[in-house]
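Okay, so here's the structure we're looking at.
The values are calculated or read from the model by the stated rules, or taken from the named source; none is laboratory data. Predicted, not measured: the structure shown is a model, and the values here were computed from it. Glycine also receives a Cβ, built like all others from the backbone with ideal geometry; neighbour counts cover every protein chain displayed. The area values use the complete protein model at the heavy-atom level, side chains included, leaving out ligands, DNA and RNA. Shrake-Rupley method; radii C 1.70, N 1.55, O 1.52, S 1.80 Å.
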Amino acid sequence: MIGQPVEITFKTLPGEVYAGSVEAVLQAIASGQTQVGGLAIAPTQIQSAPFVVRIKVDDQDVARRLPAGSTGLAAIFTDHVKAAHVIRKVVLRQTAIINYVYPF
């Protein structure tokens, strides 16, 4: 949902976790693609799929210095299962530190 808080770590900026918020949820997932002939691609099985979310980083200086195509990991914190937020925050910080060891 738009406006939900997000924490992000980038491979190019190891050891750091940045705050942000969901700006938009885009209606694009792989199972919605079409073949050249115009037929929809049928998924082999029904499963949860990632979806595309546009995130606005709170620190605009960080957003400006990110190289094009930067990758990382993000966690969106919803109103559901708030007790798990602490666990997710710890794992995200561990991943940020591991980015020093495995930057790519």
By accessible area with a 1.4 Å probe, ligands and nucleic acids excluded, highest first: order of PHE104, PHE51: PHE104, PHE51
Sort THR9, THR71, THR95 from largest to smallest accessible area, using a 1.4 Å probe on the heavy atoms of the protein chains. THR71, THR95, THR9
Label-point separation in nm, ARG65 to VAL86, each point 7 Å along Cα→Cβ: 3.3 nm
